[in-house]
Amino acid sequence: MPRPKRLRCIMAPPAIKEFRPDNDDNKGEATLSLEEFEAIRHIDYEGLDQSQAAEIMNVSRQTVGRILRSGRYTLSSALVNGLRLKLEGGCYTMGGLGHGHGPHGRRHGRQGCGRGKIS
């Protein structure tokens, strides 16, 4: 049995939850998880390096690299193939800076794990 995933710290949900091509020929859809979105935002948009993003997301640098590679593949696949891109799901905790723990070692903010929708 694999070890449970460590929750990734996500600052805030994306403002937009779905992107659709103009022609929307229903070629399918790709799902970008919230931790993939967060890694892309930190590294590609904000210009942070993987170590800085890893500290913010409360995971190792290698884990950020894997999340980033997966997210970039999903994003490029949606663009190249004209797929609808949905932003949802993942294994995360919402709203915590740094390690995301409250004063008694409990996680604070909203949590999610799986392919659930963001509200």
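The values are calculated or read from the model by the stated rules, or taken from the named source; none is laboratory data. All of these numbers come straight from a predicted model, not from anything done at the bench. Methodologically, a virtual Cβ is constructed for each residue, glycine included, from the backbone with ideal geometry; neighbour enumeration extends over all protein chains shown.
Which pairs have Cβ atoms under 6 Å, sit 6 or more apart or on different chains, and link a residue in the range 72-86 that is on the phi < 0 side of the Ramachandran plot and at pLDDT 95 or above to one that is assigned to a helix (DSSP H, G or I) and crowded, with 16+ Cβ neighbours inside 10 Å?
From residues that are on the phi < 0 side of the Ramachandran plot and at pLDDT 95 or above, the pairs are 85/78.
What's the number of the condition residue 26 fails, among (1) of a type outside the set (A, V, I, L, M, F, W, C); (2) part of a helix (DSSP H, G or I); (3) farther than 15 Å from residue 10 by Cα?
Of everything listed in (1) of a type outside the set (A, V, I, L, M, F, W, C); (2) part of a helix (DSSP H, G or I); (3) farther than 15 Å from residue 10 by Cα, residue 26 misses just condition (2).
Do we find that residue 90 is at positive phi and buried (at least 20 other Cβ atoms within 10 Å of the Cβ) in this structure?
Criteria met by residue 90.
Need the failing condition index for residue 31 against (1) buried (at least 19 other Cβ atoms within 10 Å of the Cβ); (2) not in a helix (DSSP H, G or I); (3) not aliphatic (A, V, I, L, M), just the number.
Of everything listed in (1) buried (at least 19 other Cβ atoms within 10 Å of the Cβ); (2) not in a helix (DSSP H, G or I); (3) not aliphatic (A, V, I, L, M), residue 31 misses just condition (1).
In the range 42-54, which residues are part of a helix (DSSP H, G or I) and surrounded by fewer than 18 Cβ atoms within 10 Å (Cβ to Cβ)?
Correct list: 44, 45, 51, 52.
Considering (1) at pLDDT below 95; (2) in a loop (DSSP other than H, G, I, E, B), say which one residue 112 fails and leave the rest.
(2)
Can you tell me which residue within the range 1-16, out of those that are over 14 Å from residue 94 (Cβ atoms) and in contact (Cβ under 8 Å) with a residue 12 or more places away in the chain, is surrounded by the fewest Cβ atoms within 10 Å (Cβ to Cβ)?
16
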